[in-house]
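Every number in this text was worked out from the coordinates using simple rules, so none of it is lab data. Since we're looking at a predicted model, the values are computed, not measured. Note: ideal-geometry Cβ built from the backbone for every residue, glycine included; neighbour counts use all protein chains shown.
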Amino acid sequence: GGPACPAPGVDTRGPISLGEVVKRALCHDPRTRQAWAESRLQAARLGVARAAYLPTLTASLSEARSGQTVSQGGASTRTDAGTRSTRLDLGWNLFDFGQREASVESARQPTTTRTRFTTTARTGWRSRCRSTTSWPTTSKP
């Protein structure tokens, strides 16, 4: 989910925080929402690539039952059988000749997505702001 959009008619004069600027840009500019979604997708891809360094654990449990009734003359005999099996596998790829590192590096490449998001948010918000509203900046004391 995204941020809650401010109610219409909220006073936009005066300085606002960077977080508020981002929230408003996400609410009002589809290009900013797209850049935000691409940035989150890129972070997820990086997480998946990094997960290749972790061990894997697989567990399975199976159970089977069977029954048979044999009738001879007036008597019948019922035979039931059941089997249960469990399995637990732990795997850890120690050597892959650089494949995992290449995957992580490939997932890191589009770091320009974050820069593009910031630029899109600034551009979109500036175009919607009144000429008297300025982009919040940090000043050094």
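Applying both filters, DSSP loop and at most 14 other Cβ atoms within 10 Å, to the chymotrypsin sites (Phe, Trp or Tyr not before Pro) of the range 1-100 gives Tyr53, Trp92, Phe95, Phe97.
Can you tell me the alpha carbon radius of gyration of the range 43-86 divided by the globular rule-of-thumb value 2.2 N^0.38 Å? Its radius of gyration relative to the 2.2 N^0.38 Å reference: 2.58. Charged neighbours of Ala64, selected by a Cβ distance under 12 Å, balance to 0 (K, R count +1; D, E count -1).
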